[in-house]
1. For a protection proxy built on the mean count of beta-carbon atoms within 10 angstrom, sort 213-224, 232-243 highest first, please.
2. Taking every pair of alpha-carbon atoms in the chain, what share in percent sits in each 10 Å bin, from 0 to the bin with the longest distance?
3. What relative contact order, as a whole-number percentage, does segment 46-183 give when Cα pairs under 8 Å and 6 or more residues apart are counted?
4. Magnitude of the Cβ-charge dipole of the chain, K/R +1 and D/E -1, about the Cα centre, nearest 20 debye?
5. Just list whichever of 47/168; 91/225; 100/225; 57/168; 140/210; 42/168 have alpha carbons separated by over 29 Å in the model shown.
6. Could you estimate the translational diffusion coefficient of segment 90-194 from the Stokes-Einstein equation, with Rh from the Kirkwood formula over C-alpha pairs, at 25 °C and 0.890 mPa s, in whole µm²/s?
7. How much mean residue ellipticity at 222 nm does the chain get from its helices, if each DSSP H run of length 4 or more adds -39500 (n - 2.57) and you divide by all residues, to the nearest 500 deg cm²/dmol?
8. Just the accessible area per residue of the chain, please: how many Å² with a 1.4 Å probe?
Amino acid sequence: MMAIIGISSGLFGAIARLSATNIQLQQAKVAFDRMFEFASLKPEYEKQEEAEKLDFKSINIKNLTFRFAGRPQLLKDISIKVSKGEVGSGKSILMQILQKFYQPESGQITVKTSQKNYQWDELSTEQWRNIIAVVPQQIKIFNGTLLDNICLGNVQEEYQQVMDVCQKMGFDNYFSSLPQGYLTIIGEEGVNLSGGQQQLVALARAIYQKPQVLFLDEFTSGMDKRTEAFALQILKNIKDEMAVIFITHRTQTALLADKVYILESGVLTYSHP
């Protein structure tokens, strides 16, 4: 009896270890399948060898409608125009369409440049995204220094350009106060920064790219009044150099815009002027 009990206890331990190994193998298989799916994804667009640099003048939207498949319309017969040197306020889903994440159901989008007028379908994704910059609601901060997160490139070659832009725009007053200044490690997802500081980093990153069209989605939502006033002043200083389209629910922020569009239930209910 004692021998049988001893053998049984040994078998139970082996079976438990085998079960744990099987669980690990199943987890590895799931991870492999997900990685295979990711690696098999087709590129969003075919990269052009020499995409012509656009000289943006204006974007004109006429009678645009949009819905996700099988869902009610989110945008209904929207008409908006924003030119270089203007600031306009609108809605988040419209901004995502203007980043070429989604195709409209119907309507016309025309981008006027110094070269020609492009219809939305003939304007390549690469060309368009080369001249735009975005500050989204969910800021992506990488585990690196402040310089890394603004530059997103070769810091050794571009650090002086980053410093010059930040000093010119006034960001230096905020960034130099961090523990190690521009070399501060701000952590994955910006764990070492407040929400307002993360938005300042994202705004500095966008402006450093020198875009011709700047998209801002609730870009002052995490800022205190002093920091928000600073961010709005930056927009006043740069708006002559580009078109700015932003989303906001704050009346004070909306007053900055040359054109304000209010969308309710997907319908344009107010525009000014």
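1. Output ranking for 213-224, 232-243: 213-224, 232-243.
2. Per 10 Å bin, starting at zero, the Cα-Cα P(r) for the chain comes out as 6, 23, 27, 21, 10, 5, 4, 3, 1, 0 percent.
3. That works out to 22 percent.
4. The dipole of the chain has a size of about 620 debye.
5. 47/168; 100/225; 42/168
6. D = 148 µm²/s.
7. The helix-only estimate for the chain comes to -12500 deg cm²/dmol at 222 nm.
8. I get 59 Å² per residue for this part.
The values are calculated or read from the model by the stated rules, or taken from the named source; none is laboratory data. Please read these numbers as outputs of a predicted model, since none were measured by experiment. All Cβ positions, even for glycine, are placed from backbone atoms using ideal geometry, and neighbour counts span all protein chains on display. Note: accessible area is taken over every heavy atom of the protein model, side chains too, but ligands, DNA and RNA are not part of it. Shrake-Rupley method; radii C 1.70, N 1.55, O 1.52, S 1.80 Å.
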